[in-house]
Amino acid sequence: MTPKKSRLATAEVAAILRAGKSLRGRAVSAKFIPAPGPGKVAMVVSKKVARSAVARNRLRRKGYRALPATLPRVHAVFFIQTQEFESADILSLCSKLS
């Protein structure tokens, strides 16, 4: 799991959703803005993707584990769109962010 200091707060997520740029992948999309300091991230899984909270949290944790060790200097919100996503989906988006 990503440390708390590297995760976005609710207000920061709302700001990114309003003003961020978008990237789309096969099973994951992202919205991001440049960060003045170290980057922060958030994972979002809709109820349409996984109905139960247990399944959504499992996908969210899988997404956090897939992040590279050093995050790009952006604040990013990742949207997991299918239950069958792979770590490579998030890594490819992270490489496009930097």
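Residue count for region 45-58 satisfying the condition of being within 23 Å of Glu12 (Cβ to Cβ) and surrounded by fewer than 19 Cβ atoms within 10 Å (Cβ to Cβ): 5.
Residue-wise test of (1) more than 17 Å from Ala69 (Cβ to Cβ); (2) surrounded by 12 or more Cβ atoms within 10 Å (Cβ to Cβ).
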position: Thr10; (1), (2): yes, no
position: Val13; (1), (2): yes, yes
position: Ser22; (1), (2): yes, no
position: Phe32; (1), (2): yes, yes
position: Gly39; (1), (2): no, yes
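How many of the residues making up region 59-76 are of a type in the set (Ser, Thr, Tyr) and either within 11 Å of the chain's Cα centre (by Cα) or buried (at least 18 other Cβ atoms within 10 Å of the Cβ) (or both)? Result for region 59-76: 1. Scanning region 58-98 for residues that are farther than 24 Å from Lys48 by Cβ and in a loop (DSSP other than H, G, I, E, B) gives Pro68, Ala69, Thr70, Leu71, Pro72, Arg73, Ser98. The set of residues from region 2-11 being touching a Lys or Arg at 6+ places or on another chain (Cβ under 7 Å) and either charged (D, E, K, R) or closer than 16 Å to Val45 by Cα (or both) comprises Arg7, Leu8. Among the numbered conditions (1) more than 9 Å from the chain's Cα centre (by Cα); (2) of a type in the set (A, V, I, L, M); (3) under 15 Å from Leu97 (Cβ atoms), the only one that Ala53 does not meet is (3).
Taking the criterion of being more than 17 Å from Lys96 (Cα to Cα) and in a strand (DSSP E or B), no residue of region 13-41 qualifies.
How many residues does region 22-35 contain that are farther than 14 Å from Arg73 by Cα and in contact with a strand residue (DSSP E or B) (Cβ under 6 Å, 6 or more places away or on another chain)? Number of matching residues: 5.
One residue is enough: does region 31-48 have a residue meeting the conditions within 12 Å of the chain's Cα centre (by Cα) and free of Cβ contacts under 8 Å to residues at least 24 places away in the same chain? Within region 31-48, none of the residues are within 12 Å of the chain's Cα centre (by Cα) and free of Cβ contacts under 8 Å to residues at least 24 places away in the same chain.
Computed from the coordinates by the stated procedures, all read-outs in this text should not be read as laboratory data. In this text the structure is predicted, and so the values were computed from the model without any measurement. No Cβ is skipped: glycine too gets one built from the backbone with ideal geometry, and neighbour counts run over all protein chains shown.
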